[in-house]
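Working notes, structure below.
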Amino acid sequence: MINTTVNLGGIKMKNPVATASGTFGFGLEYQQFIQLEKLGAIIVKGTTPAPRQGNPPPRIAETPAGMLNAIGLQNPGVNKVAGEIIPRLVHLNTPVIINIAGDTVEDYALVANKLDGVPGVAGLEINISCPNVKKGGIQFGSDPRSAAEVTRAVKAATKLPVIVKLSPNVTDLVAMAAAVAEAGADALSMINTLLGMAIDVDRRKPVLGNITGGLSGPAVRPVAVRAVWQVYRAVKLPILGMGGIMTTRDALEFILAGATAVAVGTANFVNPRATIEIIEGIENYLREQGFNNINQLTGLAHAGI
Ligand SMILES: Cc1cc2nc3c(=O)[nH]c(=O)nc-3n(C[C@H](O)[C@H](O)[C@H](O)COP(=O)(O)O)c2cc1C
């Protein structure tokens, strides 16, 4: 028997593979491709107090090894998410984690409070790392004190486990992780996208309507693995690792660097079955390499270093 269950800060997952926020809609969109029950967790699109239209198009652009996006947190708002969307996911035997965002600390606390006790919500992921909105997002995610303040406010507003999602667009990611750990986060997720841009040389204009966007996909993976490695050594919280995971071996890199679980994002656009293939691939790896518990792998690459 191989044990693939993990505990991500109080969220029990049957295997270590989740979907990354914003790349999997609210889950239901992918039902025609995969059995949602097979996933370790579903992390849904960023949810804000009021509905948001997002940024002007174009909002995505392909890059040599990934993509740029500047969606700008388009979502139907927390009332619709709690009242209409989550009830359609409640029957699933898979934890649903709601990614939350806002313009102010009060916004985050309000969304957290509205989701507290809603049947079917297993936890919250605080997005303090969105590079594509004018207010909120990265503004909180680039200053340890602001990040701690948002974390404390959300923790006070809910009994749900709280994961704080960190940005790579900072000088000292470990300081950010330490600050939110101190403020009561139950787990950390990393990384959100890297700030980037592209220019259309025929139009001689930026490609994206928002001018800048967030880079994701295989191009960012070494940055993300490094982030997990450094934070694992410094902070004693479970880590949800993500950034460019396309295959089983990519996911294993994150786990060996210190991630308790991983999330798959951009890969879903290329291969909607990527999560399932990675779940099966991890099980095969454990069996072939003689491990009987996935938790034996977390942080294993640090041994002797
Ligand atoms: C189109 C798109 C939308 C995203 N929306 C969100 C979001 O709403 N909230 C969030 O925290 N991260 C969002 N992200 C970031 C991803 O969850 C993930 O952190 C990032 O893309 C790195 O993983 P990947 O390379 O596997 O995609 C989005 C990414 C993409 C590509």
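Filter the range 226-251 for residues that are β-branched (V, I, T), surrounded by 23 or more Cβ atoms within 10 Å (Cβ to Cβ) and not in a loop (DSSP other than H, G, I, E, B) and give the result.
Pass one, the range 226-251, residues β-branched (V, I, T): 228, 231, 235, 239, 245, 247-248.
Adding the requirement that they be surrounded by 23 or more Cβ atoms within 10 Å (Cβ to Cβ) leaves 228, 231, 239, 245.
Passing the criteria: V228, V231, I239.
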Over the range 201-225, the set of residues in a loop (DSSP other than H, G, I, E, B) and surrounded by 23 or more Cβ atoms within 10 Å (Cβ to Cβ) is L208, N210, G217
Looking only at the range 249-258, how many residues end up being more than 14 Å from the ligand (Cβ to nearest atom) and out of contact with any Pro (no Cβ under 7 Å at 6 or more places or on another chain)? 5
Which residue, of G102, G72, is of a type outside the set (A, V, I, L, M), within 11 Å of the ligand (Cβ to nearest atom) and open to solvent by less than 20 Å² (accessible area, probe 1.4 Å)? G72
Only one of (1) open to solvent by 20 Å² or more (accessible area, probe 1.4 Å); (2) modelled with pLDDT under 95 does not apply to G141, and that is (1)
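Quick test for you: out of G46, G40, pick the one residue that is more than 11 Å from the ligand (Cβ to nearest atom), buried (at least 24 other Cβ atoms within 10 Å of the Cβ) and small (G, A, S).
Of G46, G40, the one residue that is more than 11 Å from the ligand (Cβ to nearest atom), buried (at least 24 other Cβ atoms within 10 Å of the Cβ) and small (G, A, S) is G40.
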Members of the range 5-24 found to be aliphatic (A, V, I, L, M) and in contact with a Ser or Thr (Cβ under 6 Å, 6 or more places away or on another chain), listed by number: V6, L8, V17
Quick check on G54: is it assigned to a loop (DSSP other than H, G, I, E, B), within 14 Å of the ligand (Cβ to nearest atom) and touching a residue at least 12 places away in the same chain (Cβ under 8 Å)? yes
Taking only pairs six or more apart or across chains, which ones have beta-carbon atoms under 8 Å, a first residue in the range 57-69 that is assigned to a loop (DSSP other than H, G, I, E, B), and a second residue that is more than 11 Å from the ligand (Cβ to nearest atom) and open to solvent by less than 60 Å² (accessible area, probe 1.4 Å)? P57/G209; P58/V207; P58/L208; P58/G209; R59/L208; R59/G209; R59/N210
Quick check on N268: is it in contact (Cβ under 8 Å) with a residue 40 or more places away in the chain and open to solvent by less than 10 Å² (accessible area, probe 1.4 Å)? yes
Looking only at the range 94-114, decide whether some residue is among the polar types (S, T, N, Q) and assigned to a strand (DSSP E or B). yes
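The values are calculated or read from the model by the stated rules, or taken from the named source; none is laboratory data. Everything quoted here is computed from the prediction, not taken from an experiment. Using ideal geometry, Cβ is built from the backbone for each residue, glycine included, and neighbour counts are taken over all protein chains shown. Heavy atoms of the whole protein, side chains included, go into the accessibility calculation; ligands, DNA and RNA do not. Shrake-Rupley method; radii C 1.70, N 1.55, O 1.52, S 1.80 Å.
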